[in-house]
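One structure below.
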Amino acid sequence: MSEPSAPESTLPYPPIHRDKRFVVLSDWDGTITTHDSNDYMTDNLGFGKAQRRAGNLEILAGHDTFRDGFRKMLASIVANGHTFEECKEILRQNIKLDPGFKDFYAWCKENDVPVIIVSSGMAPLIRAVLSNLIGDADAADIEIIANDVYVFPDGKWEIQFRHPSSGFGHDKSQAILPYRKLPQPPTLFFFGDGVSDISAAKYADVLFVKTKEDGENDLSVYCQREGIKHILFSDFSKALPTVESIVKGEKTIEDVINA
Ligand SMILES: [Mg+2]
């Protein structure tokens, strides 16, 4: 499979786990959380849902980049006068965890499977929501590879993209590819739900795509179009038996992706 050249990163990466047989990488917004926090902010504090969905479809159709569409969403929140601290607090109050994630994470920890959050969101918001939901200790423990934020003295703020030269803003494939290049690469599980996951989707050994009640299933649409095999899941409790069966050697990757 051909690889795009690596975009320059403005932010550091955590060291890779060189000695693991299995690694879980997961999107945050709408995958580990029940609702996408950036969508939530845009719909309630920014230019609203109709304009956001129109923008999402432009990205999916290839008429806009994820990076630029996402920047417009966030800029609409700032334009309405909302500070970063205010957004953090609103998200802490309103964003919930996937009902199966806590147990899934505990199982991974027990079984020596690292869990890495790979997000197009901003790391400070993810940590704030996470510490509220799973406690400070686990929230500090989970690795997060995401974008960051510039907060200015006048209270305005702007996303700091990890890969400003990439149309993804954060090219998630760069979190996965170093694992593929290891002499003995681990089996890579990737969990995602949306357009921001497209860059990583094709590099996973087992790709899980989250189903949505509201039908906003952009990653699944993309995977069907591109012929990328994936497993649909509604919450992490439904995905755990599949992960477990592979980790325990009861099933092969082929068994589960062809099922
Ligand atoms: Mg997402």
Quick one: what pairs do we get from the range 14-39, first residue more than 19 Å from residue 187 (Cβ to Cβ), second more than 16 Å from the ligand (Cβ to nearest atom), C-beta under 6 Å, 6+ apart or different chains? 14/143
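Considering only the range 235-250, I want to know if a residue exists there that is modelled with pLDDT under 95 and among the charged types (D, E, K, R).
Kept after step one, since they are modelled with pLDDT under 95, are these residues of the range 235-250: none.
No, there is no match, as no residue in the range 235-250 is modelled with pLDDT under 95 and among the charged types (D, E, K, R).
Which residues, taken from the range 108-122, are in contact (Cβ under 8 Å) with a residue 24 or more places away in the chain and either surrounded by fewer than 16 Cβ atoms within 10 Å (Cβ to Cβ) or acidic (Asp, Glu) (or both)?
Step one: of the range 108-122, the residues in contact (Cβ under 8 Å) with a residue 24 or more places away in the chain are 108, 111-122.
Those that are in contact (Cβ under 8 Å) with a residue 24 or more places away in the chain and either surrounded by fewer than 16 Cβ atoms within 10 Å (Cβ to Cβ) or acidic (Asp, Glu) (or both): 111, 112.
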Matching option when the condition is crowded, with 20+ Cβ neighbours inside 10 Å and closer than 20 Å to residue 126 by Cβ, among 29, 39: 29
Taking the range 118-133 and keeping only residues that are out of contact with any Leu (no Cβ under 8 Å at 6 or more places or on another chain) and either within 16 Å of the ligand (Cβ to nearest atom) or closer than 17 Å to residue 30 by Cβ (or both), one is left with 119, 120, 121, 122, 123, 126, 130
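If I filter the range 57-71 down to residues being aliphatic (A, V, I, L, M) and in contact (Cβ under 8 Å) with a residue 12 or more places away in the chain, which single residue comes out as surrounded by the most Cβ atoms within 10 Å (Cβ to Cβ)?
For the range 57-71, the residue satisfying everything is 59.
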Go through (1) within 16 Å of the ligand (Cβ to nearest atom); (2) free of Cβ contacts under 8 Å to residues at least 40 places away in the same chain; (3) farther than 18 Å from residue 172 by Cβ and name the single condition residue 80 misses. (1)
How many residues does the range 21-53 hold that are of a type outside the set (Lys, Arg) and within 14 Å of the ligand (Cβ to nearest atom)? 18
So which helices (runs of 4 or more DSSP H) stay within the range 134-239 end to end and still have 2 or more residues that are more than 16 Å from the ligand (Cβ to nearest atom)? 136-141, 173-180, 218-226
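The values are calculated or read from the model by the stated rules, or taken from the named source; none is laboratory data. Computed from a predicted model, the values in this text were never measured in an experiment. Backbone-built Cβ (ideal geometry, glycine too); neighbour counts: all protein chains shown.
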